[in-house]
Amino acid sequence: QPGNRIFLPPLHGAPERGRRMKLIRIYLATTAKAPKNPRAHVGYVLEYDTAGGPLTLSDFKELSDVTKHQADLLALIEALRHLKNRGMRLQIYTDSDHIASAFEKGWIENWARAGWRTVKGAPVKNREEWLEALRLLAGQAFCFEVKKPHAYRGWLERELRKREEKDV
């Protein structure tokens, strides 16, 4: 459901009791729309509130020959790679029901138990990307805000569109 909040406990290494966890908001966007994209761009904004106002970091990357799901996962991974500390609360804004559902509905745990095979016995697509996302999320508490409006949506879409037009 759009705007559904999915809260998950830390995957590993819960913070000490009573310790206040820093909140980092991650906003993800991609130009990948089709199942297979010869070229796509991904972008993200990391936002952390400080006493002097929000501190942000953004970046964009061009990808070749990717699926929509790969692009979404790679955007998440690129953003998570900037986090150097564990024990934070991450609020992840994405349009990807697929990523959120993988965590919310326990798909990842089921895949891991089945040797990274789907219910039908086929190998899980993007296994390496899922494993990297899990590694980077280890020790973090996180939730997904799926298809929820946010302050960076328009800016991210404009920046991604500029990059697409520039590369044509």
_Of 52, 121, 139, the one that fluctuates the most in a GNM where the chain has Cα springs shorter than 10 Å_ = 52
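Rounded, prolate or oblate, given the Cα gyration tensor of the range 21-111, with a/c below 1.5 counting as rounded? Write out the running numbers ahead of the final one.
On the way: a/c = 2.51, a/b = 1.38, b/c = 1.82.
Because a/c hits 1.5 or more and a/b fails to exceed b/c, the range 21-111 counts as oblate.
Give a quick list of chymotrypsin sites (Phe, Trp or Tyr not before Pro) in the range 93-136 that DSSP marks as loop, anything other than H, G, I, E or B, with at most 16 other Cβ atoms within 10 Å. Please report the intermediate quantities before stating the final value.
Working: sites: 93, 103, 107, 111, 116, 130; in loops: 116.
Answer in residue order: 116.
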*At most 14 other Cβ atoms within 10 Å and a DSSP loop assignment: could you name the trypsin sites (Lys or Arg not before Pro) in the range 106-138 that fit?*
120, 125
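As a test, work out the antiparallel percent of DSSP beta bridges whose residues both lie in the chain, rounded to the nearest 5.
Values: 26 of 37 bridges.
In the chain, DSSP labels about 70 percent of beta bridges as antiparallel.
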*Where does the Debye-calculated log10 I(q)/I(0) of the range 58-153 sit at q = 0.13 Å⁻¹, using only Cα point scatterers of equal weight, no solvent?*
-0.48
*Equivalent-ellipsoid semi-axes (√(5λ), Cα gyration tensor) for the range 102-160, whole Å, largest first?*
28, 14, 12
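Starting with the highest mean, order 74-81, 156-163 by the number of other Cβ atoms within 10 Å, averaged over the residues of each peptide. Before the final figure, lay out each step's value.
Values: 74-81: 20.8, 156-163: 15.0.
Averaged packing, sorted descending, gives the order 74-81, 156-163.
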*GNM flexibility winner over the chain from 145, 128, 62 (Cα, springs under 10 Å)*: 128
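Based solely on its DSSP helices, what 222 nm [θ] is calculated for the chain when runs of n ≥ 4 H residues each add -39,500 (n - 2.57) and the sum is averaged over all residues, nearest 500 deg cm²/dmol? Don't skip to the answer; put the middle values down first.
Values: 5 runs with 54 residues, N = 168.
Result for the chain, helices only: -9500 deg cm²/dmol.
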*For the chain, just the Cα set please: Rg and Dmax, both in angstrom.*
16.2, 52
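Values in this text are rule-based calculations from the coordinates and carry no lab data. The shown structure was predicted, so the numbers you read here are calculated from the model rather than taken from an experiment. Ideal geometry is used to build each Cβ from the backbone, glycine not excepted, and the neighbour counts take in all protein chains shown.
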